[in-house]
1. Please average, across the residues of A:207-216, the number of beta carbons from any other chain that are within 10 Å of each residue's own beta carbon, and give a whole number.
2. Name the residues whose placed amide hydrogens come within less than 5 Å of the amide hydrogen of B:SER362, ignoring near sequence neighbours (fewer than 5 apart) on the same chain.
3. Pairing the Cα long axis of helix A:489-506 with the longest principal axis of chain A, what angle in degrees results, from 0 to 90 and rounded to the nearest 10?
4. Only counting other Cβ atoms within 10 Å, I'd like A:GLU234, B:GLU369 sorted with the fewest neighbours first.
5. Which whole-number percent gives the relative contact order of segment A:383-422, counting Cα pairs below 8 Å spaced six or more residues apart?
6. Just name one of A:PRO284, A:SER327, A:LEU339: the one whose Cα is farthest towards the positive end of the charge dipole of segment A:159-366 (beta-carbon charges, Lys/Arg +1, Asp/Glu -1).
7. Considering the dipole of the protein assembly as shown built from charges on the beta carbon (Lys and Arg +1, Asp and Glu -1) around the Cα centre, which of A:SER9, B:ALA282, A:PHE358 is farthest to its positive end?
8. Identify, among A:ILE183, A:PRO54, B:ALA407, the residue whose Cα sits farthest towards the positive end of the charge dipole of the protein assembly as shown, taking +1 on the Cβ of Lys and Arg and -1 on the Cβ of Asp and Glu, with the dipole about the Cα centre.
Amino acid sequence: MATKAGRSSRKFKIYRRRRWVDGGDGVVHLRTRSIRRRRGQKPPRKDPGPRPLPRAQKPRHPARPQPFGVYRGPFGRLEATRLLNRAGFGPAPGQAEKLARMGLRKAVLSLTRPKGQAKLIGPDPVDGEGLALAPYDSWGHDHLWWLDRMVRTNQPFKERMALVFHDWFATSNASVSQQRQMIDQYWTLRAGAYGTFDDLVLKITRDPAMLQWLNGGENNKWSPNENYARELMELFTLGADRGAYTENDVREAARALTGWRYDWDDDLGAINFRYDPEFHDDDPKTIFGKKGGWGWKDVCRLCVTHRLHASFFVDKLWSYFVPAAPSKGTRQALIRLYLKNGRRILPVVEAILQHPDFYRGPPMVKPPVVFNASLLRALGLPIQTDAWTWLGDGAGQQLFLPPNVAGWDDERWLDTSTVRARWLMVTYALDSRHHDAWDDSYRERESTREAVNRALARLGWPALRSDHQNELVAMADRIPAYVKDDWQRRPYLAMRQNALLQLIASSPDFQLS
Amino acid sequence: MTRSRCCSNYTRSSLFRSAAARAGDGLPSIEPGMPVPAGTGLTRRGFIAGAAGLALAVYAAGKTPLPLFEDGIAQAAQSDRVIVSIFLDGGADTMSLLAPVGHARYHELRPVLALGEGEGTPFSEDPSLHWHPAATGISQLHAEGKVTVFPAVGYDDANQSHFTSRHFWEVGELDTDARTGWMGRYLDLVGSNDNPLQGLSLSNTLAPALATRDKPVAAVEGVTDYDLWSWVDEPVSDEMFKSFKRMGSMKSESPALRDSRRAIRSTNIIRESLASFGEFEAPVVYPDARLGQQLSGLAALLGAGMPLRCVSVTADGAYDTHSAQKEELDGAIKATSDSILAFQRDLEARGLQDRVLVQVWSEFGRRPEENGSAGTDHGAAGVSLLIGSRASGRMVGEFPGLVNLDADDNLRHTSDFRAMYCSLLEQWMGHDAAPIIPGASRFARPTLLKP
């Protein structure tokens, strides 16, 4: 560091001066610089002074959809945070900085192609009574189990893709016998991003949870059931109302999908899933104008090789990561990329995560479970309460229990009921991170600025918009006026700190990605 | 034990993310118009609403004397009519609700699911139809002349997708790109800028039929426990909520931020309105069903003079009965029917029966021919009901019979849901349907109310 200033000499003396440097990205660092002064001259001030508030983010209009390509703008802490929020579950303290230092491409690949086995880091999750979770057996523990994986994993992208496909092939515990079958499906979905979409559709079509949920296991040659055939086309591979298929295609595909069956056990529910040729309708069927003795694998193939599949796939995948529709050129390029790679999923995701729209486009609302996980990651909190399950439900997203086969409606996360549940998530997260106002323990005599900085530090320095930061500072400024008696000081300042934490985490800055 | 299975409990869906399937795309991205924040210049006032004996907290102009304020609520309570839309989620098999037992082919099409000989109460306006044995509540109200039945309501070229058909019903037109709900458009025309309770979803997400262009509306799952707890007490909490509320009315440069602000703003208004709406005594006994509990809370809100106009609620039960239909449907019909009966009795006990009309609907009826899993697949026309003391009690359209089905072997419709909306708007809500329902002039205006 002292290179420019050189070494002390007879004539000059080198001083180390510490000062605050604002990165413009929500964090103020302490930097040390060496300064050369002529001997006898007044030495520079040693004390860096009180820590200033981070410079707030100026509101900026998001850019319009950009052409296909790789984002070339600055890739700093803010961009890395967006990447972690959308391709993972938000940064743990320091993680965004680490990612930013890699540069865009390496940062994306470090998420999408992590080295080694995934690890869960930190204490194991427990329920409200301190007992280990029972995700196969206890209601709601499946939600906690996965939420914990989202919070503690060192490979968050895998969990995020599992969440994407859990929404895409939405299956619900509501009509599945055992939570174990849902968790088995979760492992299939989690691995899905690393193969072709063809494979994923094949695996899902024969997945025991799905065979129950969409009646595939009750679809036989004597009494065909259209449920799976319809949703396979409408929601999984082709999309409704775009001329991709007819009602007749649905009925014929249902016949082609016949043959899966299972047994019923009074204790376990559906068991022994298998394909039984006796149950399969061998007669010829006509699907998408093609006639043949089609079976279940053929239906999957016919759907993913349909001329309208790739565009459906690209639009749907894109919408999980970028809120505004892609430009025509981008869409076409992604379709080409998808087809050129034999319908492998990962190359398309990696292209989206490096696209200019991802970084320069508008923000999106974090899904409730992503918000929840990002809050716990920021605070460094393990799973210690069952409350996350009902809070997730209240916020509109209980894992393994999507509202219907179309999954969650990502465009309608926020209303008066779900905002309340998100607020309560913050309250519960602060259960072990707030300051007790009434036990006289809060001894800080902090200024407004110190109070805001303290709250920001506790939440891992989220970057705030200037209007929000000004509001928080104004709020914090008003509290001391309420202190009329000496006994009120400690409780009110403790509550001010709690209010700042609550507001920062409930603000749009923390709710959006 | 058999378990009922269904493709799901259908609500709106992220299907709308698909660029091609545009049904309702953008409903959440409604331009807010950023009206002056509700509550600006108003003060929170607590008082006991006379009739119901309920402690309320409402917002009013700072110096309004409380008695005047109470008078104002009393007047509103006498004038505003309320529509309560009850949704049977998943496509209800209304051929079970109102079973065509006297029709040719009924037993042939429904070998497993047909009502037994002599089961169910005959429908007095057409004895070839029988009310489901579990629907005693509704059949009783019908006998009192308080139920207007649409035995086969639908639209041309019925769409058999849950999401698309439901969307059509929600937006009141056959347009997959429509962005506002039919009740939402009504509220846009007559609603207030400061009263999210005027369009109330009794659920944890907003009903799309209530989606407005710019007027505030609300979703509240439980009316008695809506509070935002925190580790902050007064007086600091007052300052905290002031700040939170301000975040709801700051500038937005993107749809997501705007949605977030709108929701924060409405959340704060609802919190202030419901903060002290605690436990209440219902004058009648409700069944132990979710719908019953919600309707009992709704009756209490109405009894307390809360300024509601359009309310949406989803009935108990999973109606998408592709298999083992009977087990699921019997319970669902009973819970729904008993809850509606209790709600009507509650309104009568409170003297509110002439202000409230209930509308029951589903996205489609199910296929007349049952499938091989003791269930039914997606169909076309279904039954809708209008229930209330002011309802005409005379059916609209006839049951079309089971011999002459449509090209997909589904029931043909004998009335159009948009005609029902037009009549509801004009006869019940007192507003011209033309600016609300596209092509309103093309639709009949069935008589829905007593003269």
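Where a number appears in this text, it was derived from the coordinates with a stated rule and is not lab data. This structure is a prediction, so every number in the text was calculated from the model and none was measured. Here the Cβ positions follow ideal geometry from the backbone for every residue, glycine too, while neighbour counts run over all protein chains shown.
1. Counting Cβ atoms of other protein chains within 10 Å of each residue's Cβ and averaging gives 2.
2. Counting only residues 5 or more places away or on other chains, the set is B:LEU88.
3. Here the helix axis deviates by roughly 40 degrees.
4. In order of increasing Cβ crowding within 10 Å: B:GLU369, A:GLU234.
5. Values: 21 pairs, mean separation 19.8, N = 40.
This gives 49 percent for segment A:383-422.
6. With unit charges placed on the Cβ atoms, the residue in question is A:SER327.
7. Most positive-ward Cα: A:SER9.
8. The listed residue farthest towards the positive side: A:PRO54.
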